[in-house]
Amino acid sequence: MAIFERDTEIYRDRDALREDYQPEELIGRDTELEQYKTALQPVINGEQPNNIFLYGKTGVGKTAATRFLMEHLEADAARYDDIDLTVVLLNCDGLSSSYQIATRLVNEFRDDADQISTTGYPRASVYDMLWQELDSCGGTVLIVLDEVDHLEDDSILYQLPRARANGNLSNAKIGIVGISNDFSFREELSPKVKSSLVEEEIHFPAYDAGELIEILQQRASVAFHDGVMTDSAIKLCAAYGAKDAGDARQSLDLLMKAGDIAREEDTDTVSEDLVRKGRDALERGRIQEGIAGLTQHGHLVLYALVTLESEGETPVRSRDVRPRYSTFAKKAGIDPLVPRRMRDHLSELTMLGIVSVTERNEGRRGGTYREYTVDMDLELVVSAMEDTVETVGLHSSLADRAGTGSGTETTIADFDGRT
Ligand code: ADP
Ligand code: MG
């Protein structure tokens, strides 16, 4: 008997929901594509290309639009005999220095047998190799640096656009396309880099729910069999996506999660209910990841806040979190941090989206203070903090919540009334 059996009732092509899938058509990006196309026009005219800077939050279609236009540009350029176009796409995630980018670029132009190692050469000689490669390639070379905000020094962003003016290149015409998820990256560029890199600037705004619905519908029709995905499920995915950050990637991930649950549960349609379940599962993963990355003090601060929340004491000021945090720290056998440092941990939890903060006015004296609330399902948070709960003990306020205490664990009501 077979252990594995093909299971194709839900998906027609599940891979269409994955990151690397390139949709045939981009939804709702006409204005941006038009701008982008205009910025690339000099390539087809055989002129020196513009340097282009693209920015927008993650998941708003920057990479998809770039791949889409570059494919068309290459195909259309091939129709002109006097244009010799080479496009190099490089994702800078994991490449933090100009040096690493330069070596990667050199290797893009070289055969497997001729690759250089990513360390050990003086920077100047790597740049020399790069100019040589570019010149012997010749023609028009577009270098796309995706997620360029990972770059910690901007030397290459200065060198590449100026290579021709500096006499380093004589044959090749170089254009740079820099893509950033982070607008502040552009602000922090030095003026001389900014002026050469940002000749054309294109902003990709976040998607609204209506655009996300269209994007999801388009993708669902490729990925799922007819009739599997319900309209209401798509709308809900889009609503979550719009609320989060207008990020198509997150919405597509949620669609896939809901589809996977349908497969597991052997249902034949994906309903709103499964989208909620999927959202829960993804959220759980995200919280677990966030919490796992905290230090022990971060865990203790969070645990203190969780128990206060469970008692209905939130929103709560940092000075009212402190006694409980200190008690927990002592229980865990470590010295509590000073108030300021403890507050830093509250801020970190806020940044992770686990805790929310409200600014309040002190009344007539005019000062402000902050109050904190746990912004996530308590059971979820507690389940991600098993180690802390074990070290400190299960707090009385949590003992009778479903899913936490097993009934046999000891509680810590004894040392904590209203500390
Ligand atoms: P970014 O590069 O801005 O982070 P991506 O281009 O990777 O975003 O887009 C994230 C996902 O959403 C990809 O799967 C992409 O195919 C899809 N997507 C984004 N925008 C659109 C769109 N306008 N139409 C169709 N699919 C889109
Ligand atoms: Mg991208």
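The values are calculated or read from the model by the stated rules, or taken from the named source; none is laboratory data. Quick caveat: nothing in here was measured; it's all calculated off a predicted structure. Heads up, the Cβs are rebuilt from the backbone with ideal geometry, glycines too, and the neighbour counts pull from every protein chain shown. Protein only, heavy atoms only, side chains kept; ligands, DNA and RNA dropped before computing areas. Shrake-Rupley method; radii C 1.70, N 1.55, O 1.52, S 1.80 Å.
List of remarks:
- Check on Ile27, part of a loop (DSSP other than H, G, I, E, B) and buried (at least 16 other Cβ atoms within 10 Å of the Cβ): yes
- The single residue among Ala113, Ala102, Ala124 that is open to solvent by 30 Å² or more (accessible area, probe 1.4 Å), under 22 Å from Asn166 (Cα atoms) and hydrophobic (A, V, I, L, M, F, W, C) turns out to be Ala124.
- Of all the criteria given as (1) near ligand 1 (Cβ under 9 Å from one of its atoms); (2) closer than 30 Å to Gly138 by Cα; (3) surrounded by 17 or more Cβ atoms within 10 Å (Cβ to Cβ), the one not satisfied by Val60 is (2).
- Some residue of region 224-233 being in contact (Cβ under 8 Å) with a residue 12 or more places away in the chain, of a type outside the set (S, T, N, Q) and closer than 18 Å to Ala281 by Cα: yes
- Per-region count, region 193-221, residues closer than 30 Å to Gln159 by Cβ and in a helix (DSSP H, G or I): 5
- Selected residue (criterion: most open to solvent (accessible area, probe 1.4 Å)) from residues of region 254-278 that are closer than 16 Å to Gln217 by Cβ and not in a loop (DSSP other than H, G, I, E, B): Glu272
- Filter pass, Ala16 being closer than 30 Å to Ser271 by Cβ and part of a helix (DSSP H, G or I): yes
- Odd one out for Asp76, checked against (1) of a type in the set (Asp, Glu); (2) away from ligand 1 (no atom under 16 Å from the Cβ); (3) not in a helix (DSSP H, G or I): (3)
- Residue count for region 342-358, restricted to those that are more than 18 Å from Glu283 (Cα to Cα) and open to solvent by less than 40 Å² (accessible area, probe 1.4 Å): 3
- For region 165-190, the set of residues classified as open to solvent by 50 Å² or more (accessible area, probe 1.4 Å) and either free of Cβ contacts under 8 Å to residues at least 40 places away in the same chain or within 16 Å of ligand 2 (Cβ to nearest atom) (or both) consists of Ala165, Asn166, Gly167, Ser170, Asn171, Asp182, Phe183, Glu187, Glu188, listed by residue number.
- Filtered residues of region 16-47 (kept if within 11 Å of ligand 1 (Cβ to nearest atom) and either over 18 Å from Thr58 (Cα atoms) or small (Gly, Ala, Ser) (or both)): Ala16, Glu24, Glu25, Gly28, Asp30
- Applying the condition of being assigned to a helix (DSSP H, G or I) and in contact with a strand residue (DSSP E or B) (Cβ under 8 Å, 6 or more places away or on another chain) to region 43-64 and asking which residue is farthest from ligand 2 (Cβ to nearest atom) yields Val43.
- If you filter region 110-165 down to residues that are closer than 19 Å to Phe185 by Cα and part of a loop (DSSP other than H, G, I, E, B), you find that the one that is farthest from ligand 1 (Cβ to nearest atom) is Asp153.
- Here Thr295 meets the list (1) open to solvent by 70 Å² or more (accessible area, probe 1.4 Å); (2) modelled with pLDDT of 95 or more almost entirely, failing just condition (2).
- For region 54-72, the count of residues that are touching a Ser or Thr at 6+ places or on another chain (Cβ under 9 Å), hydrophobic (A, V, I, L, M, F, W, C) and within 23 Å of Ile176 (Cβ to Cβ) is at least one.
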